[in-house]
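S.K.: Have a look at this one.
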Amino acid sequence: MRVHDLLRGIGGVLAAMALVLAAGLLWSTGVLAGPVEAPPAQVVPKQHPPFFLRTETGEVINPLTGENADQPYSPRQTCGAEGCHDYATITLGYHFQQGADVINDHFDPERPWVLSDGMFGKY
């Protein structure tokens, strides 16, 4: 027997062993075990219900009709009213409070319109 024939025989055996090992690995990981049934999906609404923007006094802001259009909106009255969102809990959050301790009418004497470093309410 020549060395060439011997190596070809050993190579075939090694290739067969590698194929068996790969198939075993694929079977054990579930790739060859067949389809796995996914758990049932839960339906979650992806859309926020319609709402009106409201002023601090709770009046509706309607930019289309001009009603209270010159008034700032109030997140407390818009989002926290009628039990939609827990405004008291949200306002205690880190990102909501971030920078609140640096707001000051005299924050930047050269630019009196700047009241803070801009981090208050930033996320």
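S.K.: Suppose we keep only residues that are in contact with a Phe, Trp or Tyr (Cβ under 9 Å, 6 or more places away or on another chain) and assigned to a loop (DSSP other than H, G, I, E, B) within segment 79-92. Which one would you say is modelled with the highest pLDDT?
M.R.: Ranking the candidates gives Gly80 first.
S.K.: Do you know which residues across segment 44-66 are assigned to a strand (DSSP E or B) and surrounded by 13 or more Cβ atoms within 10 Å (Cβ to Cβ)?
M.R.: Passing the criteria: Leu53, Arg54, Val60, Ile61.
S.K.: I've got another one for you. Between residues in segment 81-105 that are closer than 20 Å to Glu56 by Cα and residues that are among the acidic types (Asp, Glu), which pairs lie under 8 Å by C-beta distance while being six or more apart or on different chains?
M.R.: none
The values are calculated or read from the model by the stated rules, or taken from the named source; none is laboratory data. Predicted, not measured: the structure shown is a model, and the values here were computed from it. Reconstructed Cβ throughout: ideal geometry from the backbone, glycine too, with neighbour counts over all protein chains shown.
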